Each structure stands twice: as structure tokens, then as C-alpha cells.
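Please read the structure below before turning to the comments.
The values are calculated or read from the model by the stated rules, or taken from the named source; none is laboratory data. None of the values given here were measured: they were computed from a predicted structure. Don't worry about glycine lacking a Cβ; one is built from the backbone with ideal geometry, like all the others, and counts go over all protein chains shown.
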């Protein structure tokens, strides 16, 4: 599940909180609106009843009947749920006049007439007291009319209120992104820092809270820089100090091997020589790692890779393995923006790895192509877990140190390029390909 960013979380929480407040406000509004409409509805019903009572009572005293046009309640064709009905009664409980739908309205019997409001059969009913003529009037209005008025009022209220929710989401999101933009900038600044870049973060234009966080991070990075510098200095010094004693010891062991005739001693001397050779390679890798950590790959100038490849092959490839190297070099220049020593470290490591991990008689192909791209391929079996190989000290087998590909990737990325691993080689069933893509030389 994808985690929400801080601006989205703020937007979501504010919108949800506003939605809850909105829902409570709507419920309160509905309650108040219904109460006020019912009060107004009852008041109109009572006033209408008191106005009609003397008119209908006088008409009754004059001998009139319910057939008079202005007393026809409801008018012809009006549905039951919209009908306003009445009933005129005397003190003895006799019904003197009533509407045609009065029976369906559920009017209370004359004996229960009180000056009050009641409900029956979905009607709101108001009954008057008896007047001087001994007449009382019951008037009933359908509740459907009140509900319809309430629904129309709530609809008119809810439509603009509903539109506020997406507007709130959009407005809150915009405000959150603007207000929390310094937080995103801080995250980007932190993400840009690594072992080769630990400069202080400039937080002068940020809010006070982020200034304090940036200040803490700057202090931490300053201490980390000191620790890394000390570690790199120690590794460099140790490698330099070890290189000469290891070379001397190796020379003495080789001399001892040449002057010894004892077979058992020769075997032990050979094992010691292999251990010293391995130590020499480790010292060389540590020196390369120290140079890579120092940012050797950065270069403002461009260089032709073709002569660099030839120089590395002549200097770094053991004589016994020279026949295994196959080159594919173009006749024209291939310029790349990388330090020559850094490129030599990359190619030397890749050749060493290809020779070491390929078959003893297998070929190692070195190709330079426009791009600029360096390809180094051997005939090893398919290698799984390629994404882990460039990690520092990620060893595969007992003979490696887990530094070669890490150094190559670090230098390539410092130069602005990248390192890609492929196994099997495209178009083949096996093999291992390392592709280094370097930045183009800027046109002059």
C-alpha cells in the first residue's frame, strides 16, 4: 500500500474533519428547518381555521349548505395527500358541514374537540372551541405538503453545501502543498546527500521548525564528514604503508622459491606467494576505493577512450592472459567526460573480474562504442542476483573482495554515467556483460 505524503495526509485529515463538521451542521440545519416549518405550518393552520369558522358558521345559520363554491374543500380533482379538509360540528356532536374527504382524514369525534393541534391519518388537524352560535370547526392539512416543503428547502441548502466538499479538498490540497513546500525541499536536499556530498543544507528561507531540523542534520553531517575523512585517511595510509612491505615480502618469497629444491618447501612457499598476491590485490583495491570515495571520476575535460583502452591493456593485463583478450575498438575517436585514471581503474577492475570469473580458456571481449559505451563480456555461466553485485563487499565466490564492481559503479556515477549488469548476455544463453555508459563530451 502506497504511503501518503505529508501534504496529502494534511489534506485528507482536514477534509475529513471538515466533512464531519459539515455533516453535523447539516443535521442541525435539518432539525431546525423541520421545527421552524412545522411551527409556521401549525400557525397558518390555526389562523386559517379561526378565519373560516365565522364564515362557515354564518353560512350555516343562513341555511346554506356545503354546495356553495367557496366552501368546496378540497376543490375537485385535488389528490388526497394535497387536500385541505374541514368539518363543522355543534355542541351536540352533530356534523353540520364537512368536506367530501373529511372521513378519510381521520378527524377526531366532536366529543373530543379541544382548541389544540393533533395528528391523524397523516394529517395535521386543528380544532377550535365552540363559538357563540355553538359551532366548532375542525381543519386538517396533509403532512405531505409540509414534508415536500422541507425536502425542497433541504435540497436548496444541500446542493451548494455538497459542492463545498470537493472545493475544500482542492483548496486544502493547494494550501498544504504551498505551506509544506519547504518540507519537500528539505527531503530533496537530504536525498541529494551521500558519501561524496555532505555539505551543509541552506535553510535560511525556511520556517523556524525546519531551520532547527536542518541545523541538527548539518551538525550530524559535519560529524559524519569527519568520521568518513578519518576512515578514508586511515584506509589510504594503511594501504600505502602495506603496499611496500607486501611487495618486499612477495619478492623475497619468490626469490626463496627459486632457490629452494625441497618439494614440500616449494608447495608451502607457493601457498605463501598466493596469499601475498591476494594481499597485494586487496591493497590495490583499497587504494582504488579511497580514490573513488574522494571523487576521482569527476572531470571537466573529455578524453578519447580508444588510446586509454590500449594503455590499460598494455599495463594491466597479465602476460599469461593476453591471448584471452579480444578488443573491438573503432577507428575514430570516442570522447567521454571522465578522468583518465578513473577510466583506467574501471577498465582494469572489469578485466580482472572477467578473467577471474570466466572459464580459464574463455575469451574476454572489450568493446568501445559511440555513446560513449564500454562493454566488457566474458563466458561465465548465468549469474543470478545482479542487483546485489555492485554493493560494497558483496562477494560472489571466495577469490573476490566485493569491491571491484562497487568501485566501478561509484566512479561511473561520479562522472555522470551509469553501470549496468546483464547475464546472460543479450542474444546468448550464458555469459556476463558489464556495460558502462559515460557522459558525452560537450561540443566545442
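Only one of the numbered conditions (1) at pLDDT 85 or above; (2) under 17 Å from residue 417 (Cβ atoms); (3) surrounded by 20 or more Cβ atoms within 10 Å (Cβ to Cβ) is violated by residue 337, and that is (1). If you go through the stretch 330-368 and pick out every residue that is under 39 Å from the mean Cα position of the chain (by Cα) and farther than 15 Å from residue 407 by Cβ, you end up with 2.
Residues of the stretch 185-204 that are within 29 Å of residue 15 (Cβ to Cβ) and touching a residue at least 12 places away in the same chain (Cβ under 8 Å): 185, 186, 190. State yes or no: is residue 321 at pLDDT below 85 and in a helix (DSSP H, G or I)? It is true that residue 321 is at pLDDT below 85 and in a helix (DSSP H, G or I). Flag: residue 145 matches the condition of being modelled with pLDDT under 85, more than 30 Å from residue 413 (Cα to Cα), part of a helix (DSSP H, G or I) and in contact with a helix residue (DSSP H, G or I) (Cβ under 8 Å, 6 or more places away or on another chain).
Being touching a residue at least 12 places away in the same chain (Cβ under 8 Å) and in a strand (DSSP E or B) holds for only one residue in 367, 342, 354, and it is 367.
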